[in-house]
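Each value in this text was obtained by applying a stated rule to the coordinates, not by laboratory testing. Fair warning: this is a prediction, and the values are worked out from it, not measured in the lab. Glycine also receives a Cβ, built like all others from the backbone with ideal geometry; neighbour counts cover every protein chain displayed.
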Amino acid sequence: MRDGIEVTQGRWPQVGTAELVVGNSVARTYQNMEVGDTITFGTTAWTIVGIFQANGSMSESEIWGDLTAVQNFFNRTDQVQSVRLKLSDPTAFADLSNFNETDPRLLLSIQTEKAYFARQAVKSSDLVQKLAWPLTTLMAIGAIIGVLNIVMSSVAKRTTEIGTYRVLGFARSAICVGLILEYLAICFVAGLLGGGVVYLLLDGFQASALANGVTNIGYTLRFSHEGLLQGLMLATTIGFFGAICPAIIVSLRSPISNLTK
């Protein structure tokens, strides 16, 4: 049902006993959640007998116990609040939803695990959308202005070199494109270096988010090729908009004015 689940400390609970295992995120976030500690749920004292890891997934924010024991100690014999199903393939979810909707005996709310956790983390997600994107946009604008100043300063020191290219017969368009490509390459390398720093500092970093209906949800940041590609695209975009104006301006100058600078 769950991939990559492994008890890192202690053991699994025994059937019918008031024993629990907790996820890494729970043990890290809350006090008295180590192996051997006792916590009270309802009128029963539960003993923590193990800590498990789940490859940094949301499951590490959960506390597990034996189903029969939980039902008996909470006086909910033969009752469950939720059921987790493993489908044969992703397309089977639509068939399951249709079956639930067409059978009047079933009053179930069916959703994917991804959708469930997305609803739980909606508060943190909204916060990121409302703060992170505007902040990123402002930082990108500032980076473009910074690149523009650097390129203008660099081009001003290379006027003789550029004028020599014009005297040798290089077209204005070739000089313009060459300068843009040069600074795109620099920004691309800078993006790779930035991606390397992110990988070293944040890959595997464990954090938590405010949740809707539960206290919090723990998760682990993973460095991905998609994220690196997005970062490189942003870096080269900043380089392009920062270099295009200086490149056009210097390519339009006459070769004599460039040589006499």
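Some values worked out for this structure:
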quantity	calculated
Highest-fluctuation residue, Ser224, Ser109, Ser153 considered, GNM on the chain with Cα pairs under 10 Å	Ser109
Local electrostatic count, Val26, Cβ distance below 12 Å [Lys/Arg +1, Asp/Glu -1]	-3
Dimensions in Å of the stretch 99-190 - Rg and Dmax from alpha carbons	26.9, 86
Rotationally averaged projected area of the chain (alpha carbon convex hull; nm²)	20.9 nm²
For the stretch 35-47, 3J(HN,Hα) per residue [Karplus equation, 6.51 cos²θ - 1.76 cosθ + 1.60, θ = phi - 60°, Hz, x = Gly/Pro]	4, x, 6, 10, 10, 10, 10, x, 10, 10, 8, 9, 9
Cβ-based exposure ranking for Tyr183, Tyr116, in which fewest neighbours within 10 Å come first	Tyr116, Tyr183
Per-pair calculated FRET efficiency, R0 = 35 Å: Tyr30 and Tyr116 via Cβ, rounded to 0.05	0.95
Taking N as its residue count, the alpha carbon Rg of the stretch 133-172 over 2.2 N^0.38 Å	1.75
20 Å cut-off, amide nitrogen to a point 7 angstrom out along Leu67 Cα→Cβ, residues in the stretch 1-41	1-6, 12-23
Estimated inter-spin distance, Ala185 and Leu106, nm [label 7 Å along Cα→Cβ]	6.0 nm
q = 0.23 Å⁻¹: log10 I(q)/I(0) that the Debye formula gives for the stretch 6-87, counting C-alpha atoms only	-1.15
Span from the the stretch 94-152 Cα centroid across to the the stretch 9-29 one, whole angstrom	31 Å
Peptide ranges 99-105, 188-194, 78-84 listed from the most packed, as the mean C-beta count within 10 angstrom indicates	188-194, 99-105, 78-84
Farthest toward positive dipole pole in the chain [+1 Lys/Arg, -1 Asp/Glu at C-beta], among Leu252, Trp12, Leu106	Leu252
DSSP H segments from the chain that extend 27 Å or more along their own axis, Cα-based, with Kyte-Doolittle mean of -1.0 or above	122-156, 172-202, 225-252
Linear extension gain, Val15 paired with Asn98, 0.36 nm per residue minus alpha-carbon span	26.3 nm
Ranked list, fewest to most other Cβ atoms within 10 Å of each Cβ, for Trp64, Trp46	Trp64, Trp46
Residues whose placed amide H lies under 5 Å from that of Phe52, excluding near-sequence neighbours	Thr8, Val22, Gly23, Asn24
Percentage relative contact order, the chain, counting C-alpha pairs under 8 Å, at least six apart	20 percent
Count, lysine Cα pairs under 30 Å in the chain, 8 or more residues apart or across chains	5
Nitroxide proxy distance, nm - points 7 Å out along Cα→Cβ at Leu202 and Glu161	3.4 nm
